[in-house]
Amino acid sequence: MGQRKYHFLWGRKLLLALLLIFQIIFLIYFIISSSRRSEWISGGLTALSVLAALYVVNRREKDAYKLTWVFLILLFPIFGGLFYLLFSAQTSAKMLAKKQKAIELQSRKLFLLTGDRFAEAAAEAPESIPQIRYLQHFEGFPVYRHTGTTYLTPGERKFEYLVRELEKAEHYIFLEYFIIREGVLWNTVEEVLARKAKEGVLVRVLYDDLGCFFSLPPEFPGKLAALGIQCRAFNPFRPFLTTKQNNRDHRKIAVIDGKTAFTGGINLADEYINTYEKYGHWKDAAIMIEGEAAWSFTLMFLEMWELTSAKSTSAKSTSGKPTSGEPTSQKPEEYEEFYPWKEEACPVHSCGLVQPYADSPMDRENVGEHVYLQIINNAKQYVYINTPYLIVDNSMLSALRLAAKSGIDVRIVTPHKWDKRLVHIATRSCYRDLILAGVKIYEYSLGFIHSKTFVSDDTVATVGTTNLDFRSLYLHFECGVWMYGTAAVAEIKNDFLLTLENCQRITEDDCRSTFAGRIVQDVLRLFGPRM
């Protein structure tokens, strides 16, 4: 039975992939064959490509994206412009952005139900006022006090804490993950969720359909529904050329009763807890927050849950089945009902400031990038960074180089064992310029490091889901936690220094390459925004 399900799953997904490839081949064939039959069609399409290139250059978009599109359009002048228009001039992404904006207008004021802590935060951390003001006043993500922070690494430790907190749930459990894969980790979590659902706890699971494309069986949503667990797939994969398929839910969020929340790089799959070895030892990190700031993640989840509405997900996902047994139309929820501190004050009294934040590709405001840049630009002594990928544009590279040239101790750890060869080559292509500026680059020798952490000057840190690559910074839904003066800041620094003991430092000599190798690196850097 299991083998039949396995073959059905892969057979269906292979069919979807073939349909997508067929559309691309048909489009190219149609344009080329048409242009051969008629010179005026060829000339018109070439003129369209020139206009498309001019349009791209004048768009409010990252220069790296512009360069990639202009290069492709001019490299294929006959059909490049038409392909760009077909790919980008679509209503689906605009409709999603409009829906998200409407949801946020209704929910943003609720982030402050715990009280406005901005004046207290400004007095405690005057050097961080620009960061706090940007996230709270411009993006709508308030700064909180009365919040405990626990840094969890590696994934095995997060797994232990997550199961422990799930067992405590009395009212609701919200899980939102990019990847869920059946195995030791998920089976353990699912058993707890099923038991809690029977006890009357509201349990919701939200997963990214493309992220779980090869990891979940066809019957997964129906299985959870039978256990009393509400389940939705974000942005179900469709075998059609659409920009919307680029916008994935890369977040990892767990919320228990609005009082405890987790985020970080750790998905619900066995490689993240080293039960299954995929690329050597998997080094990852998460943050657990307890207290007022957990409410922020509760609202983030509810916003995404509504964005992934029952109406849109009642259509079949890649599994071929509806994503839940919910009705196709529902009244908007009253988010205030989930607020945990209505009848009692938050009992947590921890030092420091905690400011969760989310990032959406729908508004062109690169929140994750701006948090990282402000940490780099405000550093006085050091910035230590963990990232699985290092494929960034000139603004990030310039900030890192300038900090190092200004005497800041800038250190970056990336994996030695790669998960995607071309991405790893593109990551290494950035090394030489950074090293020449004084940035210290290390590779994690034991395997794959998937942590996304920044820590600076023993005072500021962030842990989240945002990689230092174009997809995370500009195309995906992401989230993180910015912290000032909390217990976790020292834990993140200490963990980074311990990690260096299992790293090899990359030198300028290590970055030398043959002429052909440099060409490959240059090409991959050009197409970095599409990797």
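As for the stretch 414-428, it holds at least one residue that is β-branched (Val, Ile, Thr), in the same structural domain as Glu491 (by TED's automatic domain parsing) and modelled with pLDDT of 95 or more.
Does Lys405 qualify as being surrounded by fewer than 20 Cβ atoms within 10 Å (Cβ to Cβ), basic (Lys, Arg) and touching a residue at least 40 places away in the same chain (Cβ under 8 Å)? Considered against the rule, which asks whether it is surrounded by fewer than 20 Cβ atoms within 10 Å (Cβ to Cβ), basic (Lys, Arg) and touching a residue at least 40 places away in the same chain (Cβ under 8 Å), Lys405 comes out as no.
Considered as a group, the residues in the stretch 425-467 that are in a strand (DSSP E or B) and hydrophobic (A, V, I, L, M, F, W, C) include one that is surrounded by the fewest Cβ atoms within 10 Å (Cβ to Cβ), and that residue is Phe448.
In the condition set (1) in contact with a helix residue (DSSP H, G or I) (Cβ under 9 Å, 6 or more places away or on another chain); (2) under 24 Å from Glu478 (Cβ atoms); (3) outside any strand (DSSP E or B), Ala122 is compliant with all but (2).
When the stretch 271-289 is filtered for residues that are crowded, with 21+ Cβ neighbours inside 10 Å, over 10 Å from Lys158 (Cβ atoms) and among the charged types (D, E, K, R), the ones remaining, listed by number, are Glu271, Lys283. Residues in the stretch 468-496 that are surrounded by 24 or more Cβ atoms within 10 Å (Cβ to Cβ) and part of a loop (DSSP other than H, G, I, E, B): 2 in all.
Scanning the stretch 499-512 for residues that are within 30 Å of Glu290 (Cα to Cα) and at pLDDT 85 or above turns up at least one hit.
Among the residues of the stretch 404-424, those that are within 18 Å of Leu373 (Cα to Cα), of a type in the set (A, V, I, L, M) and outside any loop (DSSP other than H, G, I, E, B) comprise Ala404, Val410, Ile412, Val413.
Just one residue in the set Tyr134, Tyr207, Tyr172, Tyr177 is of a type in the set (Ser, Thr, Tyr), within 26 Å of Gly265 (Cα to Cα), at pLDDT 95 or above and not assigned by TED's automatic domain parsing to the domain that holds Met304; that residue is Tyr134. Under the condition of being modelled with pLDDT of 85 or more and either in a loop (DSSP other than H, G, I, E, B) or farther than 30 Å from Thr114 by Cβ (or both), the residues counted in the stretch 294-340 number 5.
For the stretch 156-165, name all the residues that are of a type outside the set (Lys, Arg) and crowded, with 22+ Cβ neighbours inside 10 Å. Phe159, Leu162 - these are the residues of the stretch 156-165 that are of a type outside the set (Lys, Arg) and crowded, with 22+ Cβ neighbours inside 10 Å.
Hey, among the residues in the stretch 97-121 that are among the hydrophobic types (A, V, I, L, M, F, W, C) and modelled with pLDDT of 95 or more, which one's farthest from Asn247 (Cα to Cα)? Ranking the qualifying residues of the stretch 97-121, first place goes to Ala119.
Selection of the stretch 180-206 for residues being surrounded by fewer than 22 Cβ atoms within 10 Å (Cβ to Cβ) and under 19 Å from the mean Cα position of the chain (by Cα) yields only Arg181.
Rundown of residues vs (1) of a type in the set (A, V, I, L, M); (2) assigned by TED's automatic domain parsing to the domain that holds Ala286; (3) closer than 19 Å to Gly265 by Cα, yes/no style:
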site: Val410; (1), (2), (3): yes, no, no
site: Tyr431; (1), (2), (3): no, no, no
site: Leu436; (1), (2), (3): yes, no, no
site: Lys440; (1), (2), (3): no, no, no
site: Phe448; (1), (2), (3): no, no, yes
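The values are calculated or read from the model by the stated rules, or taken from the named source; none is laboratory data. Since this is a predicted model, take the numbers as computed values, not measurements. When we count neighbours, we look across all protein chains shown, and the Cβ atoms used for this are built from the backbone with ideal geometry, even at glycine.
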